[in-house]
Amino acid sequence: MSKEYKKVTTCPACGYKIIDDKNVSYKIRELLKVRGKNTVRILNKIATMIMDNIPSDNRYKYYQFLFGIQEIDDNVIEWAINKYYQGRHYYKGKGFAYLRSIAQNRNNNMGVILKNERLMLGTAPPVIEPEKEK
């Protein structure tokens, strides 16, 4: 008896929809269109570095990366790219998936990080005005 396997069209881990079309330039442009100029410039720069240094990461992986970060704010993306660039992770073989996980983790933990920073630094003391004598 032969088993029939169901073709998976959606990734169970991240929800990415798998497509057969490998020409993704139009879809990349559409995903970049909603980003700010500075973010697009930084994304294209780091994508070139990743694709040059990691042969397995191609334009299709870049599209998957952009799809995975489409809900994340530009400030978080820029922070994640700066951390990735400072660590020179593209020389260590860590590509788009690693960068995506940095951005997603920062986005998920942003509220807690800000709360903990405020607790660590404290707040300004209240202003106490001297009582005026009548």
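Tabulated data
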read-out: Segment E133-R118, extension gain: residue separation times 0.36 nm, minus the distance between their alpha carbons; value: 1.7 nm
read-out: Taking E133, E71 and counting other C-beta atoms within 10 Å, the order from fewest to most; value: E133, E71
read-out: Estimated vicinal HN-Hα couplings, Hz - the stretch 81-89 in sequence order (Karplus 6.51, -1.76, 1.60; Gly, Pro = x); value: 5, 4, 5, 5, 5, 4, x, 6, 5
read-out: Proxy reagent accessibility, fewest Cβ within 10 Å first, across M51, M120, M110; value: M120, M110, M51
read-out: Residues D73, D57 arranged by fewest to most Cβ contacts within 10 Å; value: D73, D57
read-out: Peptides 88-94, 125-131, 43-49, 113-119 ordered by average Cβ neighbours within 10 Å, highest first; value: 43-49, 88-94, 113-119, 125-131
read-out: Within the stretch 65-103: backbone nitrogen closer than 15 Å to the V40 label point (7 Å, Cα to C-beta); value: 74
read-out: Greater than 27 Å apart at Cα, pairs in K83/K115; K33/K92; K61/K92; K92/K115; K94/K115; value: K33/K92; K92/K115; K94/K115
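Read-outs throughout are calculated quantities, based only on the coordinates presented, and are distinct from any laboratory measurement. Note that the structure is predicted; figures quoted are calculated from it, not measured. We place every Cβ from the backbone using ideal geometry, glycine too, and count neighbours over all the protein chains shown.
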